[in-house]
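Heads up, the thing below is written out as structure tokens.
The values are calculated or read from the model by the stated rules, or taken from the named source; none is laboratory data. If you're wondering where the values come from, they're calculated on a predicted model, not measured in any experiment. Cβ placement follows ideal geometry from the backbone for every residue including glycine, while neighbour counts extend to all protein chains displayed.
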Amino acid sequence: MRKPRLSLPLAAALLAAALTGPAARAQQDPLYSQYMFNTLAFNPAYAGSADVFTAMLLSRHQWLGFEGAPTTQTLAVHSPLPGNKLAMGGLLVHDVAGPTKQNSAFLDVAYRIRTGKDSRLAFGLSGGVNLFQADLAALRTVETDPQNANISGKILPNFGFGLFWHAPRAYVGASAPKLLENVIGSDGLVATNQELRHYFLMAGYVMDLTSDLKFKPSLMARVVQGAPLSLDINANFLLRDRVWFGAMYRLGNAFGLMAQYRVNEQLHLGYAFDMTTTTLGAYNAGTHEVMLSYDFRFTKGRTISPRYF
């Protein structure tokens, strides 16, 4: 069975998502269903929250079956520094959506203060660059002048901030990972577009249902000027401190299922599946997201087990 080619409406939607943000319920920053285990991607204050050196790989393939559909690969690493008041992290993101491609590299630093025996409030800063490319002329269904349609390797520096409070079973965070609204291009069809500021709010809580079963409701809100509110509502269960399973609903956009398996105290494997509820859902096979996380143990002692976020 042949994959559907990138139609003009889809190409326009992908280009709008990458260039204009608010258009067609789009966002410029990558979307993640397993955001609660990939928080460093949008909040630098999350760095060091696990109190060990953590590395996380995530690959998201959106709208499976469409040629040129969005894909995102993310590598995040973070660790507390000696003394435990400071933590550092790093983030690499490769994001492709139709004719556009973005490669980002950011460094994060977080300052952490104790707010109780087992709780901390962290203030985070991030800084880095985004390498943006657009090749609208390569679309087979679009006729345009390549000189006006292409953006080749435009470097967009940026910085952001975040707040993250966490206790063993609860967390609250707020962030704006890219504060600068860089102009991307202003010629030809690629016109009047720029990076738009995104705001993220998140919270979650873990409660005991039985001795073997825990319940964790969580939510994530994304706010972009001129775009409808994007809200993820999640309900996850933890069985015997080893297996996560649950469901999510993205307001007016998608629903899905997710699961995570704790292989041991250090290795975690996760998977999420989304199905679009808009008219686009009839033309794709859903979205798949795979995650691998590893907590490195360089000193004696135990890692935080189980990890709730």
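Say whether the condition of being of a type in the set (Val, Ile, Thr), in contact with a Gly (Cβ under 7 Å, 6 or more places away or on another chain), surrounded by fewer than 20 Cβ atoms within 10 Å (Cβ to Cβ) and touching a residue at least 12 places away in the same chain (Cβ under 8 Å) is met by at least one residue in the range 84-99.
Checked the range 84-99: no residue is of a type in the set (Val, Ile, Thr), in contact with a Gly (Cβ under 7 Å, 6 or more places away or on another chain), surrounded by fewer than 20 Cβ atoms within 10 Å (Cβ to Cβ) and touching a residue at least 12 places away in the same chain (Cβ under 8 Å).
Among the numbered criteria (1) closer than 20 Å to residue 169 by Cβ; (2) touching a Leu at 6+ places or on another chain (Cβ under 7 Å); (3) free of Cβ contacts under 8 Å to residues at least 12 places away in the same chain, which one does residue 214 miss?
(3)
Starting from the range 69-80, take each residue that is within 12 Å of residue 48 (Cα to Cα) and list its partners that are part of a strand (DSSP E or B) and hydroxyl-bearing (Ser, Thr, Tyr), counting only C-beta distances under 6 angstrom and pairs at least six apart or across chains.
78/54
Within the range 93-113, can you find the residues that are closer than 19 Å to residue 171 by Cα and either at pLDDT below 95 or among the aromatic types (Phe, Trp, Tyr) (or both)?
Listed by number, the list holds a single entry, 111.
What number goes with the only condition from (1) over 26 Å from residue 75 (Cβ atoms); (2) among the hydrophobic types (A, V, I, L, M, F, W, C); (3) assigned to a strand (DSSP E or B) that residue 291 does not pass?
Every listed condition holds for residue 291 apart from (1).
Report the residue count in the range 184-211 for those that are of a type in the set (Val, Ile, Thr) and at pLDDT below 85.
The number of residues fulfilling the criteria is 3.
Condition (residue is among the small types (Gly, Ala, Ser), at pLDDT below 90 and either surrounded by fewer than 19 Cβ atoms within 10 Å (Cβ to Cβ) or touching a His at 6+ places or on another chain (Cβ under 8 Å) (or both)) applied to the range 125-142: is it met by at least one residue?
There is at least one residue in the range 125-142 that is among the small types (Gly, Ala, Ser), at pLDDT below 90 and either surrounded by fewer than 19 Cβ atoms within 10 Å (Cβ to Cβ) or touching a His at 6+ places or on another chain (Cβ under 8 Å) (or both).
Among the residues in the range 230-238, are any among the aromatic types (Phe, Trp, Tyr), in contact (Cβ under 8 Å) with a residue 60 or more places away in the chain, more than 26 Å from residue 91 (Cα to Cα) and not in a loop (DSSP other than H, G, I, E, B)? Give the steps one after another, and end with the answer.
Going through the range 230-238, the residues among the aromatic types (Phe, Trp, Tyr) turn out to be 237.
Right, trim to in contact (Cβ under 8 Å) with a residue 60 or more places away in the chain and you get none.
No, every residue in the range 230-238 fails to be among the aromatic types (Phe, Trp, Tyr), in contact (Cβ under 8 Å) with a residue 60 or more places away in the chain, more than 26 Å from residue 91 (Cα to Cα) and not in a loop (DSSP other than H, G, I, E, B).
Which residue pairs have Cβ atoms under 8 Å apart, sit 6 or more places apart or on different chains, and have a first residue in the range 155-178 that is within 9 Å of residue 127 (Cα to Cα) and charged (D, E, K, R) and a second that is surrounded by fewer than 17 Cβ atoms within 10 Å (Cβ to Cβ) and modelled with pLDDT of 95 or more?
178/159
Would you mind finding the one in 223, 290 that is of a type in the set (Val, Ile, Thr) and over 30 Å from residue 65 (Cβ atoms)?
223
Can you confirm whether residue 252 is in contact (Cβ under 8 Å) with a residue 12 or more places away in the chain, surrounded by 14 or more Cβ atoms within 10 Å (Cβ to Cβ), among the small types (Gly, Ala, Ser) and at positive phi?
Considered against the rule, which asks whether it is in contact (Cβ under 8 Å) with a residue 12 or more places away in the chain, surrounded by 14 or more Cβ atoms within 10 Å (Cβ to Cβ), among the small types (Gly, Ala, Ser) and at positive phi, residue 252 comes out as no.
Keeping to the range 62-83, report how many residues are at pLDDT 90 or above, of a type in the set (A, V, I, L, M, F, W, C) and crowded, with 20+ Cβ neighbours inside 10 Å.
The number of residues fulfilling the criteria is 1.
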